[in-house]
Amino acid sequence: MWPRSEVIRSIENGTNTFFTLVGGKRADVGVVSGPNGKYVRTHADGYYNDNLLALPECP
């Protein structure tokens, strides 16, 4: 499991990409800056969506 800070750093540095795949639909994970710092969100169909918490836990 990757700590959130490492995922953010890796995406920003371009060393890794991350995505979700649910029901055959892929959503890339991107970094967003908010009032409390940086966080990750999925990006699908040209929009950032905050649906990571709705995904099932990885095995």
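Throughout, read-outs are computed from the coordinates displayed, never taken from laboratory work. On a predicted model such as this, the values are computed, not experimentally measured, just so you know. When we count neighbours, we look across all protein chains shown, and the Cβ atoms used for this are built from the backbone with ideal geometry, even at glycine.
A few points about this structure:
- Added length on full extension, which subtracts the Cα-Cα distance from 0.36 nm per residue, residue 25 to residue 5: 4.6 nm
- Both radii are taken from the alpha-carbon atoms of the chain; with Rh as the Kirkwood radius, Rg/Rh is 0.94.
- Taking amide hydrogens as placed 1.01 Å from N in the peptide plane, the amide H of residue 29 sits under 5 Å from those of 18, 19, 20, 43, each at least 5 positions away in sequence or on another chain.
- Karplus-derived 3J(HN,Hα), 6.51/-1.76/1.60, for each residue of the range 19-27, Hz, glycine and proline x: 7, 10, 9, 10, x, x, 9, 9, 9
- Helix 4-13 and the long axis of the chain differ in direction by around 80°, with both axes built from C-alpha atoms.
- Dipole magnitude of the chain, debye to nearest 20 (Cβ charges: Lys/Arg +1, Asp/Glu -1, about Cα centre): 40 debye
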